[in-house]
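Just below is one structure, and these are the notes that go with it.
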Amino acid sequence: MNDRANLSRRQWLWATVTGLLAASAARAGEPRREPTPLRITALRVTPIALPDPPILAASGCHGPYFLRNLVEIETDAKIIGIGETRGGERVAQALEKAREIIVGRNAFAHRGFFKELYDLNPACYAGIELACLDACGKATNRRIGELLGGPVRNEVEFAAYLFYRYAADHPKLLADRRLVDRRGKDKDALDDWGEVRTPEAMARMAARFQKQWGFRVFKLKAGVLPPNVELESMRAMESQFGGKFPLRIDPNARWLVETAVAAGKELRKVNLEYYEDPVRGQKAMAEVRRATMLPMSTNMCVTRFEHIKEAVQLEPIDVVLADNHYWGGLVGCQELGRICQTLGWRMSQHSNNHAGVTMAAMINVAAVCPQLTIASDTHYPWLPENADILQGGKLAIRNGRMQIPAGAGLGVSLDSDKVARAHETYRKCGMRERDDATTMRMVEPGWKSTPF
Ligand code: GKR
Ligand code: MG
């Protein structure tokens, strides 16, 4: 019996096809190349807590720490990829479960475990995708942007993210039992911004953001003080800058439709780039958009691909704030970009508190999404100067812009001592999920996020 007779029909077909491919490669004088996987051998998850000043939003008051999860994947090539994602115990647990899914898999083929990880928790997928991309970049000596078809720009514009706030040394906040560092009063305070709860103080804050970092777009986090005070703050910034810089306002859906419509008339008088999430839900957003005819944006009512169908029908927005933590990583943001282009939506980026690894990721998102043409948000200026967990300290913001870090992968590295310290803070402070309402009630007992 010859060899062919010993093979099943399927085996025979496969042998013929691969034989033909090998023959054609050999004919072209090239050795046959097997793809080299970058096998994931281990996953390390490190929850951290970093200092957060008492900035205010519809959810209450930040602090004393914000939580993040750091992700490190080890590979058979001895390359370690790093990632950062949303903080808190739920995400940490999802990441722990992800270990058995990803160990043994190829970091280059991260899209192959997208669904399993995304279903566990979107932020879990985002952290691991980022670490995989970082490892793949290091393995090929390419920046992440280059792996994803970019960069389409070399520097990325960010907006000043302005928050009303209490002074960092507010006595009631210094009495917080969760505090485990040495911050104190005056020169020992976490920062020197003082209390900012009036239109004049907000205009001064905007001017300082402009001077210190060169920002050219300004977003007011509203939904904190009565709407007339917040509108007065917009006017104060407008006159501070002589109408030169675009403004944004984001009440995080704390306003009622009638408040938002009335506010819209006032907002027509300033150089408004867009009106972000004044009200809750696509239907209410669409109503405000129709009544005010202002460009509207969201990181609240269109946050998943499943929300897009309804948005096409209701037309609540003009701008989507992408976020790799919930849109399916950097690749998900690229997919979103194509959809935005098709629907005529502009694209910006959403931010929660984050450290330097996410900062580098956000710069890379903008570098691989051609549609992301307007300034992104970032909380990075609120991170105290010495608090980042990167080697070499914080990444620089100049003229409101950030450069893509130069090295392979994400181009940034973790400082292990700083990571250990931030993990120790996480362990000791006892905070396990974000809870702005509790902090707010320390200053304003009984506080509730009642709609305006
Ligand atoms: O950090 O308080 C905050 C913000 O309000 C944040 O949680 C929002 O998610 O920045 C975000 C936004 O644009 O809505
Ligand atoms: Mg928002």
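Here are the numbers for the structure shown:
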item	result
Residue check for Ile339: among the hydrophobic types (A, V, I, L, M, F, W, C), farther than 19 Å from Glu155 by Cα, within 15 Å of ligand 1 (Cβ to nearest atom) and not assigned by TED's automatic domain parsing to the domain that holds Phe114	no
Which numbered condition Asp134 fails, given (1) part of a helix (DSSP H, G or I); (2) open to solvent by 10 Å² or more (accessible area, probe 1.4 Å); (3) not small (Gly, Ala, Ser)	(2)
Filtered residues of segment 59-79 (kept if among the hydrophobic types (A, V, I, L, M, F, W, C) and more than 21 Å from Ala123 (Cβ to Cβ))	Cys61, Ala77, Ile79
Selected residue (criterion: nearest to ligand 2 (Cβ to nearest atom)) from residues of segment 247-259 that are without any contact (Cβ under 8 Å) to a residue 40 or more places away in the chain and open to solvent by 20 Å² or more (accessible area, probe 1.4 Å)	Val257
Inter-residue pairs, beta-carbon under 6 Å, first touching a residue at least 24 places away in the same chain (Cβ under 8 Å) and in segment 417-432, second part of a helix (DSSP H, G or I) and among the acidic types (Asp, Glu), 6+ apart	Arg432/Glu89
Selection count where residues are open to solvent by less than 40 Å² (accessible area, probe 1.4 Å) and either of a type in the set (Phe, Trp, Tyr) or over 21 Å from Phe209 (Cα atoms) (or both), scope segment 163-182	7
Residue, most open to solvent (accessible area, probe 1.4 Å), within segment 275-322, restricted to residues that are within 14 Å of ligand 2 (Cβ to nearest atom) and hydroxyl-bearing (Ser, Thr, Tyr)	Thr303
All positions within segment 59-94 that are open to solvent by less than 10 Å² (accessible area, probe 1.4 Å) and within 16 Å of ligand 2 (Cβ to nearest atom)	Gly60, His62
Filter result for the condition that a residue is of a type in the set (Asp, Glu) and under 15 Å from the mean Cα position of the chain (by Cα), over Asp415, Asp436, Asp377, Asp388	Asp377
Top-ranked residue of segment 44-53 - restricted to ones that are open to solvent by 10 Å² or more (accessible area, probe 1.4 Å) and of a type outside the set (D, E, K, R), ranked as nearest to ligand 1 (Cβ to nearest atom)	Pro51
Qualifying residue in segment 137-151 (condition: over 30 Å from Ala77 (Cα atoms), part of a loop (DSSP other than H, G, I, E, B) and not aromatic (Phe, Trp, Tyr))	no
Matching residues in segment 347-379 - criterion: being within 16 Å of ligand 2 (Cβ to nearest atom), outside any loop (DSSP other than H, G, I, E, B) and out of contact with any Cys (no Cβ under 7 Å at 6 or more places or on another chain)	Ser348, Gln349, Met362, Ser376
Segment 277-303, subset within 15 Å of ligand 1 (Cβ to nearest atom) and charged (D, E, K, R), residue nearest to Leu267 (Cα to Cα)	Asp277
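So that you can scan it fast, the table gives a plain yes or no per residue for (1) small (Gly, Ala, Ser); (2) closer than 26 Å to Leu410 by Cα:
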{"site": "Asn271", "(1), (2)": "no, no"}
{"site": "Ala286", "(1), (2)": "yes, no"}
{"site": "Met300", "(1), (2)": "no, no"}
{"site": "Asp323", "(1), (2)": "no, yes"}
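To keep it simple, each residue is scored yes or no on (1) surrounded by fewer than 23 Cβ atoms within 10 Å (Cβ to Cβ); (2) without any contact (Cβ under 8 Å) to a residue 40 or more places away in the chain.
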position: Leu343; (1), (2): yes, yes
position: His350; (1), (2): no, no
position: Ala355; (1), (2): no, no
position: Ala360; (1), (2): no, no
position: Asn364; (1), (2): no, no
position: Pro370; (1), (2): yes, no
position: Trp382; (1), (2): yes, no
position: Ile397; (1), (2): yes, no
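The values are calculated or read from the model by the stated rules, or taken from the named source; none is laboratory data. What you see is a predicted model; the values in this text were computed from it and never measured. With ideal geometry, Cβ positions are generated from the backbone for all residues, glycine too; neighbour counts draw on all protein chains shown. For accessibility, only protein heavy atoms count, side chains too; no ligands or nucleic acids. Shrake-Rupley method; radii C 1.70, N 1.55, O 1.52, S 1.80 Å.
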